[in-house]
Amino acid sequence: MASDPLPSPSLRRLVRAAGHTLRSRLYLATLAVMAAFALLADLLGSPYFTLSLILASLYIALAVAWDFSSGLTGYINFGLPFFFGLGAFSTGYLVYHGLHSIPALLALDFGVGLVGGGLFALPTLRLRGPFFTFLSLLLPLIGTDIVLAFWTTFGLPTIGYYGLPFLAPTLEDSLLLLSGANALFLTGFYLLRESRFGLVLRGIRDDEEVLESQGISSFPYKVAAFTLSNGVVGFAGGAYALTTTFAGVDAFGFLFLLFPILIAILGGTGEILGAALAGYAVILLSQYLYLTMGSLTLLLFAGAAILLVLFLPRGLLGLLRKEAA
Amino acid sequence: MVGNLLLSSIAVYGALFGLNYALISLGFTLVFGVSRVLNLAYGALYMVTAYMVYLFAVEWRWEILLAALLAIGISVLVGAAVFLLFSRYAPDPMRFLLGTLLTALLLQYLFSYFFQGEVGLVIPGLAPTQSLLVLGVSVSPVFLLSALVSLALLALLWAWIEWRPYGRVIRAAAEDPETASLFGIHPARVYLVVVLVSSAIIGVAAVLLVPAGVVTPTMWVEPFVIAFVVAVVGGLGKYQWTLPAAFLISFSQMAVLYLTPYDISDIVAFVVAIAFIVLRPQGMGGGNHRGL
């Protein structure tokens, strides 16, 4: 008689639930869209289109990570550009110290994001109120100031690391790699969202005090969510540095906050999958508009983000769910 | 002799920067203390005023005093519009925070678009340009004038809130808006008045301080960070602690600047703010009660 690969009933239940979640039509459609874009880039062979999709993939990773932690818990993290820059600068530092393996670099960037995110979350998430959000907003500014004040101490040849290796031999391969990584992150975050863990995170957003009165301590859940999310942000920062072959202070820029937030809100706050779909729409549109309108594009997107915050805070997916209900 | 000059520099610049930081932060703390909302577009009003002064005084060649007054007026209008828009349609504190930060970015992109390619813009000041000696330290009259205005505004604001009848109304609305409304006070109207005053204060700060620097689309970040750090250190909403908190930060910065080889003033301010958030989130003012 063959032995049961999952002897524990609770594990069996967990795997069954995960299987059920992953059969959701929206999840499968999202993965199909990601695969279709990777295939389309390969067929068209247009460097601009492929680069736009690479950029979209990076922003999707940021948006999904932000949505998982901030969208689900309601604790707004403005520190995204800091962990993104941390990943980019870690890549530069490691390359300049002899590490050239791309998988190892990306894994370490993920680790740096995890550790940095955990160290930030542990003291700040103990406090209620706006302090977490406040401090997170200071982080990108601190990152820029540290680099500008100590760039010679870090052994940087200029204010940044240049001449970094490419993520993959061709742009299409880079896109494939990032799409694969995004599929992995998306699956992980989506599974967590649909699990008890995600339920607690949503409970924090709805009413943290009520949640705690049920005997559930919100603190470890918040720390775990923000740590994990910043790991993905660190990974994205490293991938960005390996795409542009440069890690500079621009990685701490507010652009890496504006677009992920816009994408996450448009997709539906806390919906995870919506962010992936909205990411392609927003970034491809912005890349197209940039060709015709230049810097006016940023103005338009900042305006769009404000309108979303004002009139559609739960995004398109949230609106559809409300209509369906 | 060198030691004396070093101490004089720390004392003079510490005091001047402290007063200027207080001028920049006063409005931010006051608005939070009264309405309990955190307006992240506050620093952007500094930028709006600076660009308007540039437009009126440099491009259109108007008298500087008229240009400054009009620019402050525009800052007040923008401040009120942002507050009314978000308190009406996004009253939830987190959406308010997010929306006002996005507004600051929108204004940054707006000025970046309309003044593209123009870097290093300077605006004329109200103070004379020749440096003065204070305790043997050379000081720009720009900073001296703004420090004096800061002192005057701090005193006026304190007298208004503590002694004048409308000050009592403000304190009541800040402490318990529901009970205040039972006594015929309209908290929303009081919040708006405070927002108008705070927008005017940051406008005044811009008119006085920007001539010492340049006008850029990212210039909103620095005053916002100063306002934020001072507010956290003094205690969110405790406007009476603005000056001590500003002094703590400015003297720490000057001590590090003059006693170490590093120019890390901003990092020092961040470290002080982080230490307060982690170790004493209620700030120097202490207490967790609502109100001023």
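The values are calculated or read from the model by the stated rules, or taken from the named source; none is laboratory data. Since the structure is predicted, the reported quantities are computational estimates derived from the model, not experimental observations. Note that each Cβ is placed from the backbone with ideal geometry, even for glycine, and that neighbours are counted across all protein chains shown. These area figures cover heavy atoms from the full protein model, side chains too; ligands, DNA and RNA do not enter into them. Shrake-Rupley method; radii C 1.70, N 1.55, O 1.52, S 1.80 Å.
Table for the structure above
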| read-out | value |
| --- | --- |
| Shielding by partners - mean other protein chain Cβ count within 10 Å, residues of A:300-308 | 5 |
| Ellipticity estimate at 222 nm from DSSP helix runs (n ≥ 4, -39,500 (n - 2.57)) divided over chain A, nearest 500 | -25500 deg cm²/dmol |
| Simple spin-label estimate for A:PHE219 and A:LEU296 in nanometres, 7 Å along Cα-Cβ | 5.3 nm |
| Under the span-like rule (Cα at least 27 Å along the axis, Kyte-Doolittle mean at least 1.0), DSSP H helices of chain B | B:2-35, B:64-89, B:93-114, B:141-163, B:187-209 |
| Within 10 Å of each Cβ in A:133-143, the average number of Cβ atoms from other chains | 5 |
| Fraction of accessible area attributable to carbon and sulfur, region A:33-320 (%, probe 1.4 Å) | 72 percent |
| In Å², nearest 10: area of B:ASP92 left accessible to a 1.4 Å probe | 70 Å² |
| The protein assembly as shown - Kirkwood radius from inverse mean 1/r over Cα pairs (Å) | 25.8 Å |
| Two-decimal Rg to Rh for region A:120-256 - Kirkwood Rh, Cα set | 1.05 |
| Neighbour cut-off at most 12 other Cβ (10 Å), DSSP loop, trypsin sites (Lys or Arg not before Pro), region A:128-207 | A:ARG128 |
| Paramagnetic reach from B:VAL122 in region B:48-73 [backbone N under 19 Å; point 7 Å along Cα→Cβ] | B:50-65, B:68 |
| Cα-Cα pairs of chain B separated by more than 34 Å (percent) | 20 percent |
| Angstrom value of the Kirkwood radius, inverse mean 1/r, which spans all Cα pairs in region A:1-101 | 17.8 Å |
| A versus B: buried accessible surface, summed, Å² (probe 1.4 Å, to nearest 100) | 3500 Å² |
| Cα point-scatterer Debye curve for region B:86-242, base-10 log of I(q)/I(0) at q = 0.09, 0.14, 0.18, 0.21 Å⁻¹ | -0.42, -0.95, -1.32, -1.48 |
| Among B:GLY73, B:GLY167, B:GLY120: highest mean-square fluctuation, GNM of chain B, C-alpha pairs under 10 Å | B:GLY120 |
| Inter-chain Cβ neighbour average for residues B:106-113, partner chain, 10 Å | 5 |
| Percent of Cα-Cα distances greater than 25 Å, calculated over region B:68-175 | 52 percent |
| Mean separation of Cα contacts under 8 Å, 6 or more apart, over the residue count of region B:40-131: relative contact order % | 42 percent |
| MRE, 222 nm, helices only [DSSP H, n ≥ 4, -39500 (n - 2.57), over chain B, to nearest 500] | -24000 deg cm²/dmol |
| Under 15 Å, Cβ to Cβ, from A:GLY180 - net charge with Lys/Arg +1 and Asp/Glu -1 | -3 |
| Heavy-atom accessible area, 1.4 Å probe, ligands and nucleic acids excluded: residues of region B:71-103 down by at least 20 Å² from chain alone | B:LEU85, B:PHE86, B:TYR89, B:MET94, B:ARG95, B:LEU97, B:LEU98, B:LEU101, B:LEU102 |
| Label-zone membership for region A:180-221, site A:LEU284, 7 angstrom Cα→C-beta point, backbone N under 19 Å | A:180-183 |
| Scattering profile of region A:33-320 at q = 0.11, 0.13, 0.14 Å⁻¹ [log10 I(q)/I(0), Debye over alpha-carbon scatterers] | -0.61, -0.86, -1.00 |
| Solvent-accessible ranking of B:TYR166, A:TYR280, A:TYR221, largest area first, probe 1.4 Å | B:TYR166, A:TYR221, A:TYR280 |
| Largest to smallest accessible area among A:PHE219, B:PHE247 [probe 1.4 Å] | B:PHE247, A:PHE219 |
| Taking chain B and dividing mean pair separation by its residue count, relative contact order in percent (alpha carbons under 8 Å, at least six apart) | 35 percent |
| Where A:ASP145, B:ASP263 fall by accessible area, highest first, once all protein chains stay in place (1.4 Å) | B:ASP263, A:ASP145 |
| Total charge dipole magnitude, the protein assembly as shown, about the Cα centre, Cβ charges on Lys, Arg, Asp, Glu only, Debye to nearest 20 | 1260 debye |
| 1.4 Å probe accessible area per residue over chain A, in Å² | 42 Å² |
| Chain lengthening between B:GLU175 and B:LEU196 when straightened (0.36 nm per residue, less Cα-Cα) | 5.6 nm |
| Prolate/oblate/rounded call for region B:1-134, Cα gyration tensor, a/c under 1.5 rounded | oblate |
| Cβ-Cβ FRET estimate between B:LEU66 and B:LEU5, R0 fixed at 41 Å, reported to 0.05 | 0.50 |
| Förster radius 60 Å - calculated FRET efficiency between B:ALA212 and A:ALA17 (Cβ-Cβ, nearest 0.05) | 0.45 |
| Helical segments meeting 15 Å axial Cα length and Kyte-Doolittle -0.5 threshold in chain A (DSSP H) | A:9-22, A:25-44, A:47-66, A:80-96, A:102-124, A:131-150, A:171-194, A:196-213, A:218-244, A:255-267, A:273-293, A:296-311 |
| Choice from B:TYR258, B:TYR42, B:TYR51 with maximal GNM fluctuation in chain B (Cα, 10 Å cutoff) | B:TYR258 |
| Ranked by how many other beta carbons lie within 10 Å on average, peptides B:59-71, B:227-239 from highest | B:227-239, B:59-71 |
| As computed over region A:262-325, the Cα convex hull volume per residue (Å³) | 71 Å³ |
| Relative contact order [Cα under 8 Å, 6+ residues apart], chain A, whole percent | 33 percent |
| Förster radius 35 Å - calculated FRET efficiency between A:PHE166 and B:TYR262, Cβ distance, rounded to 0.05 | 0.50 |
| Cα gyration tensor category, rounded, prolate or oblate, for region B:177-292 with a/c compared to 1.5 | oblate |
